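Before any comments, here is the structure.
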Number of protein chains: 2
Amino acid sequence: MKPIKIGLIGLGTVGGGVVEILKAHHDDIVRHAGVDLQLVRAADTNEARFAQLGLGPDVATTDGFAVIADPEVDVVVELVGGTGIAHKMVIEALKAGKSVVTANKALLATHGEEIFALADARGLDIRFEAAVGGGIPILGPLTHSTTANEFSRVLGIVNGTTNYMLTRMTEAGLDFDTALKEAQDLGYAEADPTADVDGYDAAAKIAILASMVFNSRVTLNDVPTQGIRELAPADIAYAAEIGYTVKLLALANKTDSGIDIRVHPTMIPAKHQLASVDGVYNAIYLTGDFVGDLMFFGEGAGAGAAASAVVGDIVEAARTLGGGTDAIGCTCTDNLPIRALDDLVCRYYFRLIVADRAGVIAAVARVLADHRVSMQSLIQRGTTADGMAEVVYVTHAAREGDIQAALAEIRELDVVSSVASLIRVEDLA
Amino acid sequence: MKPIKIGLIGLGTVGGGVVEILKAHHDDIVRHAGVDLQLVRAADTNEARFAQLGLGPDVATTDGFAVIADPEVDVVVELVGGTGIAHKMVIEALKAGKSVVTANKALLATHGEEIFALADARGLDIRFEAAVGGGIPILGPLTHSTTANEFSRVLGIVNGTTNYMLTRMTEAGLDFDTALKEAQDLGYAEADPTADVDGYDAAAKIAILASMVFNSRVTLNDVPTQGIRELAPADIAYAAEIGYTVKLLALANKTDSGIDIRVHPTMIPAKHQLASVDGVYNAIYLTGDFVGDLMFFGEGAGAGAAASAVVGDIVEAARTLGGGTDAIGCTCTDNLPIRALDDLVCRYYFRLIVADRAGVIAAVARVLADHRVSMQSLIQRGTTADGMAEVVYVTHAAREGDIQAALAEIRELDVVSSVASLIRVEDLA
């Protein structure tokens, strides 16, 4: 059996996990998958990691490009992250004729077209299972077991940090700041939590997923994105009262007018399978015309889970080098338009802080009617110390453009102090 | 692009679904997967199906062996079922040098060793995704994305008929007979429901799953199997009272003393992800050393879902013929022993019907203590019209052999009318 030589760039938590798996399971992988994987070069700018991971001077280097240039290396594993030097490395590795495995969602959601085209032109493998669902196998099943289907939607909980925070906000009534502090203390959120809490991580993942599922190019810039910073415990409590759970959903639907794609806090029925996906777990839910509904659940982050997906990709890339079938990246030949968010039609929940006096409900109702928004239910709660009242609305299906225009007007009403929240409601039927 | 010619044997609901997908998505599959699938022969003993499916005399035949013998056919799809003629057909197809796709769980759980060895010796593909989870991709992910892991367990709800019945027994308090009648009326259960309600279907599936997950041969005969016929609504209600849900679980654990494998009604925590898998849905749950917990959820049966998995396999077999990597069936090289059920250690729930008089609890407690079974909790309910009382026990972890011996003695006590039920409790931590 000819050994397949691996060059690894980036020895952070995921890279460390990859080194560990290649050591712990080398013989199992030979036995079960029929490939002999050998880590021949490994790069990181932090030299301290070499000793921690037991990598000698023959393997370790501080220069990632030296890994790519090494003629021995068959498969380059990029775990640097970001769209800067990682972009150069992936392009250079493909140009050098190496198969590439990466976990870099931002890179693929931004430069996917260039990277896939180059890999395709050179007949090289580019694999990226860890970029979407951490350890959850999703791209593999999509390009293998479920190829017989046309999918109408893909959605999911694809960010563990925010799902942990939302779970705590729901179960313990924590506010955003307290939940974030707790997630940071536990190592589930980074010091700068922007990519997670503002939804960009989820947006990159749904861009990649939608590209694969609908076979049409979707990039990060195509995804209207709203995070969970403005979610109040009050909204989560109201949701529970009416049978809903609030999750940060990444959604993509194939509609007659194009791909509807977005990331935002969403009220979903408390009984839906996705509603019980709690803590740092992630889940991806799909609907195909023959297979029906599918859900893939698991750890969306964490060193072990992501490393598992990376090594799965390395195994496949190695089998391909031994004469197997190339990975199908995204052929993306269907060229579907991206639908404007204004054209979304769904139900909406919103909460107003209003003056507690006669005529408020009527004034708001008039504006809604003017914008063709029809109300399904309304909850009004008692007056607060400052003479204000809280009113919660749930609408029937309405157009996003209409609801936004209506709320802009409602915000200007004398009797309205503020629009405290707006959350989209998805029944996921 | 060289067309890949498909021969299909068996035009029942799944076979009909396959014909439909090959028609509906032929062009999509060319575009997305790069293979041109052509159905050139199709066999069924029921000639009425040919017209229903639009199959002309050039394609249709009543002789399955004619499909196998046709030199044009590259891939044989066996959807006949059972271990009789289907066994002969699969062997003959492999001997004729054809790749084989099948959904036949009973066949693989019984004759897997012979079939995999023959396919391996001839360098041919044998694929069987639909045999385990219906439409749920599970064998694909196991042999691809998650190959980096050593799995310690695989378990799941793998029979839609019984899961539908249990859901109705739980939600509406139906008894077994009423739930079965309802399932039959809805087409979810067959006229002879034995394979489903007595657990044999689930046993075949867990035998295949355990073989793949632990890389060691497990056959149908290795699986102690108990169905749901004796489950009473009372037990389901008691389970709910103590925070559990009753599911027909198929489980396999890798232990130091071999593979622990079994199918039986099981109390699982109501908050576990598997507990909310309701109706005809199925789910398979795995724990790997790096990836952690994974769950795959979807439709376990139904024409569309199973046909989706079959066509996924056909696509892979076709790609392999074009120069791809062979499917890894089960190399099954690890030769782990199967652990005797008597050596199982878990918690047990059981319900006794006893005489309502002094000394009963003490007498039962003495027998349990004699057999090293220690009690965790006990619920006693009021006397019935005939002077009997019902007592429900939950034990601490005990050995199966001990609990069975204890119950045999308890059954003989003067004060005990009957052991109404015994259900294993799994906390799935």
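The values are calculated or read from the model by the stated rules, or taken from the named source; none is laboratory data. Please read these numbers as outputs of a predicted model, since none were measured by experiment. For neighbour counting, all protein chains shown are included, and Cβ atoms are generated from backbone atoms with ideal geometry for every residue, glycine included.
Computed values, structure above
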{"read-out": "Residue check for A:R49: in the same structural domain as A:K98 (by TED's automatic domain parsing), in a helix (DSSP H, G or I), more than 22 Å from B:T143 (Cα to Cα) and in contact (Cβ under 8 Å) with a residue 24 or more places away in the chain", "value": "yes"}
{"read-out": "Residue in region A:321-342 that is part of a helix (DSSP H, G or I) and away from chain B (no Cβ under 14 Å) present", "value": "yes"}
{"read-out": "Lone qualifier among B:G199, B:G135 - being touching a Ser or Thr at 6+ places or on another chain (Cβ under 7 Å), surrounded by 18 or more Cβ atoms within 10 Å (Cβ to Cβ) and either among the β-branched types (V, I, T) or modelled with pLDDT of 95 or more (or both)", "value": "B:G199"}
{"read-out": "Residue in region A:114-135 that is more than 17 Å from A:F296 (Cα to Cα) and touching a His at 6+ places or on another chain (Cβ under 7 Å) present", "value": "no"}
{"read-out": "Close pairs from region B:27-42: first part of a strand (DSSP E or B), partner surrounded by fewer than 16 Cβ atoms within 10 Å (Cβ to Cβ), Cβ under 6 Å, at least 6 apart", "value": "B:Q38/B:P3; B:V40/B:E72"}
{"read-out": "Answer from B:R351, B:R357 - the residue that is assigned to a loop (DSSP other than H, G, I, E, B) and more than 14 Å from every other protein chain (Cβ to nearest Cβ)", "value": "B:R357"}
{"read-out": "Number of positions in region A:273-313 that are out of contact with any strand residue (DSSP E or B) (no Cβ under 8 Å at 6 or more places or on another chain) and either closer than 19 Å to B:H272 by Cβ or surrounded by fewer than 24 Cβ atoms within 10 Å (Cβ to Cβ) (or both)", "value": "4"}
{"read-out": "Residue within region A:382-405 that is in contact (Cβ under 8 Å) with a residue 60 or more places away in the chain, within 30 Å of A:A121 (Cβ to Cβ) and of a type in the set (S, T, N, Q) present", "value": "no"}
{"read-out": "Output for region B:247-262, where each listed residue is buried (at least 24 other Cβ atoms within 10 Å of the Cβ) and farther than 17 Å from B:L286 by Cβ", "value": "B:L248"}
{"read-out": "Residue satisfying all of: in region A:139-159; modelled with pLDDT under 95 and more than 7 Å from chain B (Cβ to nearest Cβ); nearest to the chain's Cα centre (by Cα) among these", "value": "A:L139"}
{"read-out": "A:A237 vs. criteria closer than 18 Å to A:A340 by Cα, not in a loop (DSSP other than H, G, I, E, B) and not aromatic (F, W, Y)", "value": "no"}
{"read-out": "Filtered residues of region A:365-419 (kept if within 22 Å of A:V263 (Cα to Cα), surrounded by fewer than 17 Cβ atoms within 10 Å (Cβ to Cβ), in contact with a strand residue (DSSP E or B) (Cβ under 7 Å, 6 or more places away or on another chain) and among the hydrophobic types (A, V, I, L, M, F, W, C))", "value": "A:A397, A:V419"}
{"read-out": "Number of the exception - A:V30 against (1) surrounded by fewer than 23 Cβ atoms within 10 Å (Cβ to Cβ); (2) within 31 Å of the chain's Cα centre (by Cα); (3) within 14 Å of chain B (Cβ to nearest Cβ); (4) among the hydrophobic types (A, V, I, L, M, F, W, C)", "value": "(2)"}
{"read-out": "Test: residue in region B:11-18 that is closer than 25 Å to B:A96 by Cα, in contact (Cβ under 8 Å) with a residue 40 or more places away in the chain and away from every other protein chain (no Cβ under 14 Å)", "value": "yes"}
{"read-out": "Selection within region A:256-269 - of a type outside the set (S, T, Y) and either under 14 Å from the mean Cα position of the chain (by Cα) or within 27 Å of A:T147 (Cβ to Cβ) (or both)", "value": "A:D256, A:G258, A:I259, A:D260, A:I261, A:R262, A:V263, A:H264, A:P265"}
{"read-out": "Criterion (without any contact (Cβ under 8 Å) to a residue 40 or more places away in the chain and hydroxyl-bearing (S, T, Y)) met by exactly one of B:S276, B:S211", "value": "B:S276"}
{"read-out": "Residues of region B:209-243 that turn out to be under 16 Å from B:A109 (Cβ atoms) and surrounded by fewer than 16 Cβ atoms within 10 Å (Cβ to Cβ), as a count", "value": "1"}
{"read-out": "Residue tally, condition more than 12 Å from A:I9 (Cα to Cα) and touching a Lys or Arg at 6+ places or on another chain (Cβ under 9 Å), over region A:74-88", "value": "1"}
{"read-out": "Count of residues meeting criterion [in a loop (DSSP other than H, G, I, E, B) and within 12 Å of the chain's Cα centre (by Cα)] in region A:193-211", "value": "2"}
{"read-out": "Members of region B:337-352 found to be crowded, with 16+ Cβ neighbours inside 10 Å and β-branched (V, I, T), listed by number", "value": "B:I338"}
{"read-out": "Hey, B:A189 modelled with pLDDT of 95 or more and either of a type in the set (V, I, T) or surrounded by 17 or more Cβ atoms within 10 Å (Cβ to Cβ) (or both) or not", "value": "no"}
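Condition check ((1) without any contact (Cβ under 8 Å) to a residue 40 or more places away in the chain; (2) closer than 30 Å to A:N335 by Cα; (3) touching a Phe, Trp or Tyr at 6+ places or on another chain (Cβ under 7 Å)) across all residues:
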site: A:E150; (1), (2), (3): no, yes, no
site: A:T161; (1), (2), (3): no, no, yes
site: A:D198; (1), (2), (3): yes, yes, no
site: A:A203; (1), (2), (3): no, yes, no
site: A:I206; (1), (2), (3): no, yes, no
site: A:G227; (1), (2), (3): no, yes, no
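Results for (1) under 14 Å from the mean Cα position of the chain (by Cα); (2) among the β-branched types (V, I, T); (3) at the interface with chain B (Cβ under 7 Å from one of its Cβ atoms); (4) assigned to a helix (DSSP H, G or I), shown as yes or no for each residue.
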{"residue": "A:K271", "(1), (2), (3), (4)": "no, no, no, no"}
{"residue": "A:L274", "(1), (2), (3), (4)": "no, no, no, yes"}
{"residue": "A:A283", "(1), (2), (3), (4)": "yes, no, no, no"}
{"residue": "A:T287", "(1), (2), (3), (4)": "no, yes, no, no"}
{"residue": "A:F297", "(1), (2), (3), (4)": "yes, no, yes, no"}
{"residue": "A:G304", "(1), (2), (3), (4)": "no, no, yes, yes"}
{"residue": "A:A318", "(1), (2), (3), (4)": "no, no, no, yes"}
